[in-house]
1. Output the residues belonging to the stretch 216-267 that are modelled with pLDDT of 75 or more, assigned to a loop (DSSP other than H, G, I, E, B) and open to solvent by less than 50 Å² (accessible area, probe 1.4 Å).
2. Considering each of ARG101, ARG50, ARG91 in turn, give the residue that is of a type in the set (Lys, Arg) and closer than 23 Å to ALA149 by Cβ.
3. Working carefully through the options VAL115, VAL121, find the one that is open to solvent by less than 20 Å² (accessible area, probe 1.4 Å) and touching a residue at least 40 places away in the same chain (Cβ under 8 Å).
4. Modelled with pLDDT of 90 or more and within 22 Å of the chain's Cα centre (by Cα): is that true of VAL45 in this structure?
5. Scan the stretch 61-84 for residues that are within 15 Å of PRO44 (Cα to Cα), among the small types (Gly, Ala, Ser) and in a helix (DSSP H, G or I) and jot them down.
6. I need a count of the residues in the stretch 48-60 that are more than 16 Å from the chain's Cα centre (by Cα) and assigned to a helix (DSSP H, G or I).
7. Identify all residues within the stretch 96-112 that are β-branched (Val, Ile, Thr) and either part of a helix (DSSP H, G or I) or open to solvent by less than 60 Å² (accessible area, probe 1.4 Å) (or both); write none if there are none.
Amino acid sequence: MTVFTTKSWMHDHQTDRKGMDRALRAGELVRLRRGVVMPAEELPVWTLHRRRIDAAALTINHGTYFAFQSAAVLHGLPVRIVAELPVQVVRTMGGRHTRNRLLQASPAVLDDAEVEILGGVPVTSFRRTVTDLARRLPYPDAVAVVDAALRRGVTRNELATPTGHGHARAARAVAFGDSASESFGESYSRARMQLANIPIPQLQVDHFGADGRFLGRPDFDWGAGIVGEYDGGGKYDGTFGDDPRAAIEAEKLRHEAFVDHGCTVLRWGWKDLQTAGRVEGRIRRALAARPLHRALPN
C-alpha cells in the first residue's frame, strides 16, 4: 500500500496543513492514523480497516495487542466492519479506556497463551479473540464467530467462559454454535430463527432424487420438503474466484432440481435480513402451510 506521513505528503504536493485538511474533507485522502495518510481508493471496509491496523502497528507500544473486531480481521473471523470503526487494541501495561476517531484502547490482563504475533503484528490469540467477541457482540454476530471457530477445529470446551462480563451471553452462543454453518449470513440467519422461536433446521443435508441423483445440499432443511438458502453476494460477484455466470447458472439448476423434486425453496439475502421479521415471517408461513413430519433439534 502507498502511504505517506503528513509531512511528506504536504512536501510532495507543495501545500500546507490547510491544504491537506481540504484534501481529507474532499475525500481525496484517507487518514490511517495520526500523522499517516493514503490516497483515497474504492476499498472494501475490511481492507481499509486492515490498512489502518498496519499503519497503527508501526508505532504500537510494548504490551499492546490488537483485539476485538480488529483482531478478528487479522484472524480471518467473520465480523461486520463499518468504515467508522476505530482500530481496537488492549494494553497490558496499565492505562485506562481511551477512544478517538482512529483508535480505541482498553486495559486488559492477558497471559502468554492469550496473545500471539501474527504476521509480525501483536494480536490477541484466536481463542481469546473468539471469546472476547462472543461476550461483546450482538447475539447473531456472536454465533457467526463461534460457528467459524468450530469450523476451524476449536472445541466448545476451549471456548468456555464461566465467569466475567458477558459470560452468560458467550456461553449461550457457544452452546448454539454449529460447525456445519458455512458463512456469516447462514449463522446470522440461524441465530435470528432461534431468537424468533422458529424451529431450528438441520444444516447442509444431502438431497437425492428418486433415481438416486444428487440434487444438492441446501443451507437449511426443516424436513417435509421445506429447505432454505442464504444467498451471499460472494456467490455471484467472483469474490471466491468462481466465474459469476457459471455460479448463477449452477444455482439456477439446483433450485429447479429442488422444486421439481417437490421442495418448497425459501431464499433470502443480507438485504432481506435488514427488514425486521421479513425472513422470519416467510419461514413461519412456509412451515404453517406444510407442517413438519418429524421432530427437529432446538
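1. Matches in the stretch 216-267: PRO218, ASP219, ALA224, GLY225, ASP231, GLY262, CYS263.
2. Selected residue: ARG50, the only one of ARG101, ARG50, ARG91 that is of a type in the set (Lys, Arg) and closer than 23 Å to ALA149 by Cβ.
3. Numbers: VAL115 fails: open to solvent by less than 20 Å² (accessible area, probe 1.4 Å).
Within the list VAL115, VAL121, the selection yields VAL121.
4. No: the conditions fail for VAL45.
5. SER70
6. Of the residues in that region, 7 qualify.
7. Hit for the stretch 96-112 is THR98, nothing else.
Yes/no per residue for (1) β-branched (Val, Ile, Thr); (2) open to solvent by less than 70 Å² (accessible area, probe 1.4 Å):
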| site | (1), (2) |
| --- | --- |
| LYS7 | no, no |
| MET10 | no, yes |
| LEU29 | no, yes |
| LEU58 | no, no |
| GLN69 | no, yes |
| ILE81 | yes, yes |
| PRO86 | no, yes |
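The values are calculated or read from the model by the stated rules, or taken from the named source; none is laboratory data. The structure presented is a predicted model; accordingly, all values stated were derived computationally and were not measured. Reconstructed Cβ throughout: ideal geometry from the backbone, glycine too, with neighbour counts over all protein chains shown. The accessibility values were calculated without ligands, DNA or RNA, using every heavy atom of the protein model including side chains. Shrake-Rupley method; radii C 1.70, N 1.55, O 1.52, S 1.80 Å.
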